């Protein structure tokens, strides 16, 4: 079986807070796990 991963950018859209982005990332990770994905990656960006 192919193991699939999710890469999330945890994007902070206009009008949203960093806490919102992390809440959305957690929600996505939980759905990915339930769907059978084996890894969840968070991208890191430095300004």
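Bear in mind that the values in this text are calculations on the coordinates, not laboratory data. As the structure is a prediction and not an experimental result, all values here were calculated from the model.
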Stokes-Einstein D (µm²/s) once Rh is taken as the Kirkwood radius of the chain over alpha-carbon pairs, at 25 °C in 0.890 mPa s: 213 µm²/s
Given an 8 Å cut-off on Cα distances and at least 6 residues of separation, report the relative contact order of the chain as a percent. 58 percent
On a 0 to 90 degree scale, rounded to 10, what angle separates helix 18-34 from the longest Cα axis of the chain? 10 degrees
